[in-house]
Amino acid sequence: FNITENGEIFTTKVFDCEDHTGIIRNLTVQVNDSLHIQTTNVTVHILDKNDNSPVFDRNLYKATITETAAIGSHVLK
């Protein structure tokens, strides 16, 4: 893990949650501005994302929609 000057914590490697069931890391973060030192504990929960390709029943879908259709209207179901 690394931390930016704005305090954003990010990973330096790719985690694959499919290889692990729920990844939790406990970190100790220390900030030093040459006058003060502050330390805090941070728990990071790494959640799985859907990295599987989508599966469709057909190769091609066609639909027609009018230009006056309401926002949020269903196009295909």
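Does at least one position in the stretch 70-77 carry a residue that is of a type in the set (D, E, K, R) and either at pLDDT 90 or above or surrounded by 10 or more Cβ atoms within 10 Å (Cβ to Cβ) (or both)?
For the stretch 70-77, residues of a type in the set (D, E, K, R) and either at pLDDT 90 or above or surrounded by 10 or more Cβ atoms within 10 Å (Cβ to Cβ) (or both): absent.
Of all residues being free of Cβ contacts under 8 Å to residues at least 12 places away in the same chain and of a type in the set (Ser, Thr, Tyr) in the stretch 23-68, which is nearest to Lys13 (Cα to Cα)? Just the residue, please.
Ser53
Looking only at the stretch 11-48, which residues are surrounded by 10 or more Cβ atoms within 10 Å (Cβ to Cβ), part of a strand (DSSP E or B) and modelled with pLDDT under 75?
Passing the criteria: only Ile23.
The values are calculated or read from the model by the stated rules, or taken from the named source; none is laboratory data. In this text, all values refer to a predicted model and were calculated from it rather than measured experimentally. Note: ideal-geometry Cβ built from the backbone for every residue, glycine included; neighbour counts use all protein chains shown.
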